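Before any comments, here is the structure.
The values are calculated or read from the model by the stated rules, or taken from the named source; none is laboratory data. None of these values were measured; they are calculated from a predicted model. Neighbour counts run over all protein chains shown; Cβ positions are idealised from the backbone, glycine included. Ligands, DNA and RNA are excluded from the accessible area calculation, which covers all protein heavy atoms including side chains. Shrake-Rupley method; radii C 1.70, N 1.55, O 1.52, S 1.80 Å.
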Amino acid sequence: RVLFRSHDARQRGLLNVLAASHFRMNDEEATQILGEQWLPIECERLNRFAGGWATGLRLLANEASAARQQLKSNDDSTLYVPQLGDYFADVLCADLTSSNMQTLMDLSVINRFNASLLMDLPDLACDWEQIRRWTESDVLLNYEDNTRDWVIFQPAFGCYLRHRLRQRRPERYTALKQFAANWFGQQGFQAEAVRHAVGIREMMDAARIIEQAGGITLDVRNGPEVSLESMLPASLAAEFPLLFLGQIYHRIRHGKQHSAKRIFDEARVLTEDFTRIND
């Protein structure tokens, strides 16, 4: 009876239901929760990682040393704080079946997905209706915009799931990164393809995807940093010129001008001033 009355009140416009998004903290409010020990830019980044989630911000404040250490990373997707992980495991994931948990871990590697990608993803026991039900909570999964086409993970939750998958099934994590890089590249989402490609362990596979996506042309704009774990040697500059120049640019941006000049000059000699570039 109470549920019926509540539904009736909503239909008549007498009752408004507030979603979780209405309670997200802005950067100023996040600073008050985190405390004065953080710089404004750090508060902004931690709030973005927490998705404006007050509980998440309090857990970050409680484990400040871990949060500060992880902030040194250039990529928010690698930010992992143990207390947050414990909260997700004990509260949000406690009632999930093993199949649903595996599905969420798989999708967290993709992080941003739509129905078309879901259909192409191999070995995934999930359909769009299940995704729609998860988005109704407005906590773990959210629609990227009002079109309700693309779904994204709450940043901290997605990071927790990726960390868990990498710990338990590293081969699955690697395969999904490879799939995502190829899929987004084939669909014309070049920046998204590069974001996944930089996480591929096999450097040559990653290099081919990034080169095809445009390398430095993405890096100079607002795309992801092309920062592979292993920098391309000058000997590969002719095969991957856009990626090579992107990594030179990346070194200069991070204050490594001398090493950038040295490897650039070496590549100039090997490619005869970049006139011998492989097609």
Between E63 and E44, what is the spin-label point distance in nm, taking each point 7 Å from the Cα along the Cα→C-beta axis? 2.6
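Let's test the formula: R0 of 30 Å, r as the Cβ-Cβ distance of M119 and Q167. What FRET efficiency results, to the nearest 0.05? Please list the in-between numbers first.
Numbers: r = 28 Å, r/R0 = 0.94.
After rounding, the FRET efficiency stands at 0.60.
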Taking the Cα of M101, stepping 7 Å toward and past its beta carbon, and measuring to each backbone N in the range 143-173: which are under 18 Å? 157-173
What spacing in nm lies between the two simple spin-label points modelled at A94 and R268, each 7 Å away from Cα in the Cβ direction? 6.4
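Out of the trypsin sites (Lys or Arg not before Pro) in the range 146-203, which ones are loop residues according to DSSP with at most 14 other C-beta atoms within 10 Å? Don't skip to the answer; put the middle values down first.
Working: sites: R148, R162, R164, R166, R168, R172, K177, R195, R201; in loops: R148, R201.
When the trypsin sites (Lys or Arg not before Pro) of the range 146-203 are filtered for loop state and at most 14 Cβ neighbours within 10 Å, R148, R201 remain.
I need the peptides 128-134, 93-99, 151-157 ranked by packing, meaning the mean over residues of other C-beta atoms within 10 angstrom, with the highest value on top.
Highest-to-lowest ranking by the protection proxy: 151-157, 128-134, 93-99.
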Taking Rh as the Kirkwood radius computed over alpha-carbon pairs of the range 108-195 and applying Stokes-Einstein at 4 °C with viscosity 1.567 mPa s, one gets a diffusion coefficient in µm² s⁻¹ of 96
Counting alpha carbon pairs within less than 8 Å and at least 6 residues apart, what relative contact order, in whole percent, applies to the range 101-207? 25
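Just order 29-39, 43-53 by mean Cβ neighbour count inside 10 Å, highest at the front, would you?
Working: 29-39: 15.4, 43-53: 21.6.
Put in order of decreasing packing, that is 43-53, 29-39.
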In the range 43-197, what percent of the accessible surface is made up of carbon and sulfur (1.4 Å probe, ligands and nucleic acids excluded)? 45
